[in-house]
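Everything below concerns the one structure shown next.
Please treat every number below as a calculation from the coordinates, not as lab data. Note that the coordinates shown come from a computational prediction; the quantities given were computed from them, not determined experimentally. When we count neighbours, we look across all protein chains shown, and the Cβ atoms used for this are built from the backbone with ideal geometry, even at glycine.
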């Protein structure tokens, strides 16, 4: 049996991501709480797998709805939406965090902070040799844009195209289809952050041309979102809100009563299988508190999947026109949206500002900032003895030219190297190159 009879292009996307070393390294990258610990909580890998599971369900229910709405579009159209869209959304979800540096979102902040605090000759060269857009790639370093780079850049390999994913899957992960120069403007959803670096502008333009994604702002590198982005985003929005609460409960940060009252409130107006009476009765029949939370988590995720499906189908025309200006979760009915906002507020106060979370954020600033100081300094003065030694530590996958006129690409290689590290590897290398730990001969 030939390969084509076993896997479609979209299933191949999923497989290429899940078997990649970049994806595998997510197992030792912080999601919210520090790793490792005596209580197992989510890391970037388990989070991504769960988002992919929810994304597949979203793709299936939306795909079925689209195929049922357009019965005259032919068999190929029907086959894609009924059987292939789930794989596209699942693959997009699987890859959505693949560009995130160590130490959670504080890793992004640490990279930005380092370049914003440059002084003297380093600052002069940074500003003098990089275009404004290239400078903002680092001053506003964005994990979303780095994911697109990770998946599409060939680095030091001859074969072009990186992971060689389908355009549909690649388009589904670009939440903010704008370059750095036009991004980070919250007046539009598409420019809230950035979705591709200066080095990948042409790659995204090719995708936009092929898929018919329209520009939003004249001749600027700002595009409409692809409709599939909204489903990948919704799967992530659902998961992190619910799962962060589950982790916080396991760490005794949130009580079972708080989760019970908040999660059960989503079912107040439901009937039948999802009625609050039935869900609450089943909840009380479970003995173990962790199992109780897992049950409520499963029921709430299931409820939100169908809510998102309905929102997507109701606003299909705006999605196709590229004019939907909020995420799908933000179109929930008023009562449920208020509950989501309550989850957000509670998370900020009790989870994201928990002492252990703040500690790892500070560690991320010191470790990533310290390594950038060493390796960026080596790029600026590549011929010194110490610089030569430091640059030997950078994997051959990340090319350092050591030549004038290549400062942007050399900085990118340093950032690629550091952002791809796991938390533990970053700490270990930082200790060694700063002399805090003496390396062993292996």
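Listing for the model above:
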{"read-out": "Among 90-97, 112-119, 149-156, the order from most to least packed when residues are scored by Cβ within 10 Å on average", "value": "90-97, 149-156, 112-119"}
{"read-out": "On Cα atoms only, tilt of 143-152 relative to the major axis of the chain in degrees", "value": "80"}
{"read-out": "Estimated FRET transfer efficiency (residue 380, residue 46; beta-carbon r; R0 41 Å; 0.05)", "value": "0.60"}
{"read-out": "5 Å-binned pair-distance histogram of region 255-328 (Cα, whole percent)", "value": "3, 14, 23, 18, 12, 10, 9, 6, 4, 1"}
{"read-out": "Residue with peak Gaussian network fluctuation, the chain [Cα springs, cutoff 10 Å], from 270, 316, 76", "value": "76"}
{"read-out": "Spin-label pair residue 314/residue 265, simplified geometry with 7 Å Cα→Cβ offset, distance in nm", "value": "2.0"}
{"read-out": "GNM top mover of 191, 203, 30 - the chain, alpha-carbon springs below 10 Å", "value": "203"}
{"read-out": "Fewest-first sequence of 419, 124 by Cβ atoms within 10 Å of each Cβ", "value": "124, 419"}
{"read-out": "Mean ellipticity per residue at 222 nm, deg cm²/dmol - from DSSP H runs of n ≥ 4 across the chain, formula -39500 (n - 2.57)", "value": "-19000 deg cm²/dmol"}
{"read-out": "Helix axis angle, 120-129 relative to the chain longest principal axis, alpha carbon, degrees", "value": "70"}
{"read-out": "Relative exposure of 226, 105, judged by other C-beta atoms within 10 Å (fewest first)", "value": "105, 226"}
{"read-out": "Fraction of alpha-carbon pairs over 22 Å apart in region 172-325 - percent", "value": "54"}
{"read-out": "In degrees, nearest ten, helix 201-211 long axis to first principal axis of the chain (Cα)", "value": "30"}
{"read-out": "Mean-position separation - Cα centroids, region 89-158 and region 313-370, in angstrom", "value": "21"}
{"read-out": "Nearest-0.05 FRET efficiency for residue 337 and residue 388, computed from C-beta distance (R0 41 Å)", "value": "0.10"}
{"read-out": "Full-extension gain in nm, residue 186 to residue 83, via 0.36 nm per residue minus C-alpha separation", "value": "33.5 nm"}
{"read-out": "Projected label distance in nm at residue 105 and residue 424, using a 7 Å step from Cα toward the beta-carbon", "value": "2.7"}
{"read-out": "Selected from 426, 224, 65 as most flexible by GNM, with the chain as the system and alpha-carbon contacts under 10 Å", "value": "65"}
{"read-out": "Region 187-251 and region 280-302: distance between their alpha carbon centers, rounded to Å", "value": "32"}
{"read-out": "Residue 69-residue 356 pseudo-label distance in nm [points 7 Å out on the Cα-to-Cβ vector]", "value": "4.3"}
